[in-house]
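What follows is a set of notes on a single structure, which appears directly below.
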Amino acid sequence: MARYFWRAFSTYSHYASNNLCGHLLNSISSSHGKNWHKEPVYRHIWHEEYNELINDYCLTLERITDRYLQSPAGKALSAACAKQRKNNKPLPLVDVDCLRKFENKPGIPWGIGVVEEFFMPLKEIAETSPLEHRVHIFVTL
């Protein structure tokens, strides 16, 4: 149930209205000196690609969520939530620390790989370049 809530919440919070999508196409068209926003075929393609991007984003989020729920921390969190619901008590706070570790049990490792996976749908439609990153030794201690 929670996974469907987060998928719906994430979609809703990142989904743009048709008016906003149209405005974005208008802006991009103008900045490139084109009239794409005036042609029905381009508007249709624009909206179809946007909907596909949102779907890909949601599926990626769902895969990451499933991996977390299968981790020791995810299983512990699920058990803690079930216990709290049964006793009509507040659910545990889910934040970044909880995703890394819950009740001293490991979650999923958050690093450049997960961030890349999360933004992979954007890579399919946008021009990207490698991200330069460094890990300083004092950060890993």
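The values are calculated or read from the model by the stated rules, or taken from the named source; none is laboratory data. Every value quoted in this text rests on a predicted model; they were computed, and no experiment measured them. As a convention, Cβ positions derive from the backbone with ideal geometry for all residues, glycine included, and neighbour counts pool all protein chains shown.
Go through region 34-81 and report how many residues are buried (at least 16 other Cβ atoms within 10 Å of the Cβ), over 19 Å from the mean Cα position of the chain (by Cα) and within 30 Å of CYS21 (Cα to Cα).
Matching residues across region 34-81 total 4.
Would you list the helices (runs of 4 or more DSSP H) that sit entirely within region 51-141 and hold 1 or more residues that are over 30 Å from ILE28 (Cβ atoms) and either among the charged types (D, E, K, R) or modelled with pLDDT of 80 or more (or both)?
Those helices (runs of 4 or more DSSP H) span 72-86, 96-100, 112-123.
Looking at (1) within 20 Å of GLY113 (Cβ to Cβ); (2) in contact with a Pro (Cβ under 7 Å, 6 or more places away or on another chain), can you tell me which one THR65 breaks?
Status for THR65: all satisfied but (2).
Could you please let me know if ARG100 is within 18 Å of the chain's Cα centre (by Cα) and surrounded by 13 or more Cβ atoms within 10 Å (Cβ to Cβ)?
Yes: the conditions hold for ARG100.
Find all pairs meeting these conditions: Cβ atoms under 8 angstrom apart; at least six residues apart or on different chains; first residue within region 107-131 and on the phi < 0 side of the Ramachandran plot; second residue surrounded by 11 or more Cβ atoms within 10 Å (Cβ to Cβ) and in a loop (DSSP other than H, G, I, E, B).
Correct list of pairs: GLY107/SER71; ILE108/SER71; VAL114/ILE108; LEU122/THR128.
Please work out which residue is surrounded by the most Cβ atoms within 10 Å (Cβ to Cβ), limiting yourself to region 105-114 and to residues that are under 13 Å from LYS75 (Cβ atoms) and not charged (D, E, K, R).
Here the answer is GLY107.
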